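The values are calculated or read from the model by the stated rules, or taken from the named source; none is laboratory data. Keep in mind that what you see is a predicted model, and the values were worked out from it rather than measured. Using ideal geometry, Cβ is built from the backbone for each residue, glycine included, and neighbour counts are taken over all protein chains shown.
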Amino acid sequence: MLTLVSPAGPSNSTCGYCSPPGVRSAEKTFAQKCGLVGLQMSVTVYKQLIDRGFRRSGKFRRTWCYLPNLPKSCCPLYTIRLDVSEFKLSKSKRKLVNRWNKFILGGKQPTEKEFVLTTTIHAAENDSQSSDHKFEVILEPASYSDDKFKLFCKYQEIIHHDPKNTPSSFRRFLVETPLRPSPIPYTTTQTSHLPEKYGSYHQLYKCDGVLIAVAVLDILPGCVSSVYFFYDPDWDKHSLGKLSALREAALAAEIHAAGAPEQPYLYMGYYVHSCVKMRYKADYLPSYLADPDTFEWFPIDSVCIPLLEKYRYACFSDPAKSTNEDPRQVAAEERQIPPELLSEVNAVTSIEKGVVRVVPVTKHPIWEEEEDRLALTACIAGMGNELAKEVILYLE
Ligand SMILES: [Zn+2]
């Protein structure tokens, strides 16, 4: 499976975590090291990209996935993941699931004696005559529907005060994906309730036949990666966002239990310590943050948070690199790419009748243009040696 990506270079924009949208302020900077427009991408390459700090882009970024520059951003974005196999639900999260089950099933149903996430989370889906409501959860490959788009518009207007949504912006943001599905290597046959393939999905929540929420997910080798969640604000009091995070953790555990080999994790997007309303992600334990330099995982509660309390930018593998310096003053890092690596990075010269012709990137005419060379070296450095050799660059 070839992965073809178009590189985008470093850029700066207004930070979305500490500034209201539309307000420009020099100190409030989100810096991007590089970005990638995916033409097609294997699920294994994308998993490696998110393990190096990349992530599918938010609504306002031009590229499909991007790599934030943490030292040069006012609100550094750290990749966070929850170790699902060790996940201990707090009392309040167990209560939330029990309350939802009770709401759907009604008072008459027996409550589960023991709380086991992967079974208790599904208790309300049993379609019983005596239930108060009918609750369904449907996992389907990401696709457009008018119902999803209408729900998305209502959510954006009421929760984010953003009335400017179109079917095409919705498609671009939450439907289109370069990920090419590939079979999940289950070793058991108990998989009828699970996805057959890795890829990009929509998980639909319906109550009494009406769509009330949609989770946008990437299901990848070794993880479920939460991309976005939108819901009907009329259902606010049921905390559907929290229920969906628990359901996604359960899904990762179920895929692993059915034989998928990798240890299961839930990737909850970025952890942004400077943005208080994003700190809820630290309540899911045990969670780990990726070190911005080495990409090793550090426990959020014992190592990361104490450093993030002290520094705007924290480096967990080498705390001496942590800083409170103004992000605009931080020097750009030196980027030296060894020539022998460059000779192994390939760029497309033509695609004809399914045949892709490539040359080493330094032999491509675009390499002669300084600005393009900057974008290319930023992307090669961001992907790292192994991935840079694996993907094929598509240069326009
Ligand atoms: Zn900020």
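Could you list all residues from segment 316-347 that are hydrophobic (A, V, I, L, M, F, W, C) and in contact with an Asp or Glu (Cβ under 6 Å, 6 or more places away or on another chain)?
Just the residues of segment 316-347 that are hydrophobic (A, V, I, L, M, F, W, C), to begin with: 316, 320, 330-332, 337, 341-342, 345, 347.
Across segment 316-347, the qualifying residue is only Phe316.
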For Tyr198, indicate whether it is surrounded by 20 or more Cβ atoms within 10 Å (Cβ to Cβ) and more than 19 Å from Tyr46 (Cα to Cα).
no
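Being over 16 Å from the mean Cα position of the chain (by Cα) and assigned to a helix (DSSP H, G or I) is the filter here; which residues of segment 245-262 pass it?
Start the filter on segment 245-262 by keeping residues that are over 16 Å from the mean Cα position of the chain (by Cα), which leaves 250, 253-262.
Answer for segment 245-262, where residues must be over 16 Å from the mean Cα position of the chain (by Cα) and assigned to a helix (DSSP H, G or I): Ala250, Ala253, Glu254, Ile255, His256, Ala257.
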Out of all the residues in segment 300-308, is one or more under 19 Å from Tyr17 (Cα atoms) and either of a type in the set (A, V, I, L, M) or in contact (Cβ under 8 Å) with a residue 60 or more places away in the chain (or both)?
yes
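Any residue at all in segment 112-125 that's surrounded by 13 or more Cβ atoms within 10 Å (Cβ to Cβ), under 30 Å from Pro299 (Cβ atoms) and hydroxyl-bearing (Ser, Thr, Tyr)?
Of all residues in segment 112-125, those surrounded by 13 or more Cβ atoms within 10 Å (Cβ to Cβ) come to 112, 115, 117-118, 120-125.
Still in the running and under 30 Å from Pro299 (Cβ atoms): 115, 117-118, 120-122.
Within this subset, residues satisfying the condition of being hydroxyl-bearing (Ser, Thr, Tyr) are 118, 120.
Yes, there is a match, as at least one residue in segment 112-125 is surrounded by 13 or more Cβ atoms within 10 Å (Cβ to Cβ), under 30 Å from Pro299 (Cβ atoms) and hydroxyl-bearing (Ser, Thr, Tyr).
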Only one of Asp318, Asp326, Asp301 is exposed (fewer than 15 other Cβ atoms within 10 Å of the Cβ) and touching a Leu at 6+ places or on another chain (Cβ under 8 Å); which?
Asp301
Test each condition in (1) more than 22 Å from His122 (Cβ to Cβ); (2) touching a Ser or Thr at 6+ places or on another chain (Cβ under 7 Å); (3) hydrophobic (A, V, I, L, M, F, W, C) for Leu217 and report the one that comes out false.
(1)
Given the condition surrounded by fewer than 20 Cβ atoms within 10 Å (Cβ to Cβ) and modelled with pLDDT of 90 or more, answer yes or no: does some residue in segment 74-84 qualify?
yes
Can you confirm whether Ser287 is of a type in the set (Gly, Ala, Ser) and at pLDDT 95 or above?
yes
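Test of understanding: among Glu262, Glu248, which residue is touching a Gly at 6+ places or on another chain (Cβ under 6 Å), among the charged types (D, E, K, R) and under 25 Å from Cys65 (Cα atoms)?
Numbers: Glu248 fails: touching a Gly at 6+ places or on another chain (Cβ under 6 Å).
The conditions single out Glu262.
Having 1 or more residues that are more than 26 Å from Leu36 (Cα to Cα) and of a type in the set (Val, Ile, Thr) is the bar; report the strands (runs of 3 or more DSSP E) wholly within segment 136-234 that clear it. Step through it out loud before you land on a result.
Working: elements: 197-207, 210-220, 223-231.
The strands (runs of 3 or more DSSP E) meeting that bar are 210-220.
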Hey, among the residues in segment 220-241 that are in contact (Cβ under 8 Å) with a residue 60 or more places away in the chain and touching a Ser or Thr at 6+ places or on another chain (Cβ under 9 Å), which one's nearest to Phe173 (Cα to Cα)?
Val227
Between residues in segment 69-83 that are closer than 20 Å to Thr323 by Cβ and free of Cβ contacts under 8 Å to residues at least 60 places away in the same chain and residues that are of a type in the set (A, V, I, L, M, F, W, C) and within 13 Å of the ligand (Cβ to nearest atom), which pairs lie under 7 Å by C-beta distance while being six or more apart or on different chains?
Asn69/Ala31
Restricting segment 23-73 to residues that are of a type in the set (S, T, N, Q), over 20 Å from Arg328 (Cβ atoms) and modelled with pLDDT under 95, the one nearest to the ligand (Cβ to nearest atom) turns out to be Ser57
Hey, any hits in segment 263-276 for a residue that's in a helix (DSSP H, G or I), within 16 Å of the ligand (Cβ to nearest atom) and not assigned by TED's automatic domain parsing to the domain that holds Arg94?
yes
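Here is a yes/no grid of residues against (1) under 15 Å from Leu67 (Cβ atoms); (2) aliphatic (A, V, I, L, M); (3) in a strand (DSSP E or B); (4) not assigned by TED's automatic domain parsing to the domain that holds Tyr46:
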residue: Val359; (1), (2), (3), (4): no, yes, yes, no
residue: Arg373; (1), (2), (3), (4): no, no, no, no
residue: Cys379; (1), (2), (3), (4): yes, no, no, no
residue: Ala388; (1), (2), (3), (4): yes, yes, no, no
Which one of Glu344, Glu296 is modelled with pLDDT of 95 or more, within 26 Å of the chain's Cα centre (by Cα) and among the acidic types (Asp, Glu)?
Glu296
Just need a number here: residues in segment 331-341 that are at pLDDT 90 or above and of a type in the set (A, V, I, L, M).
1
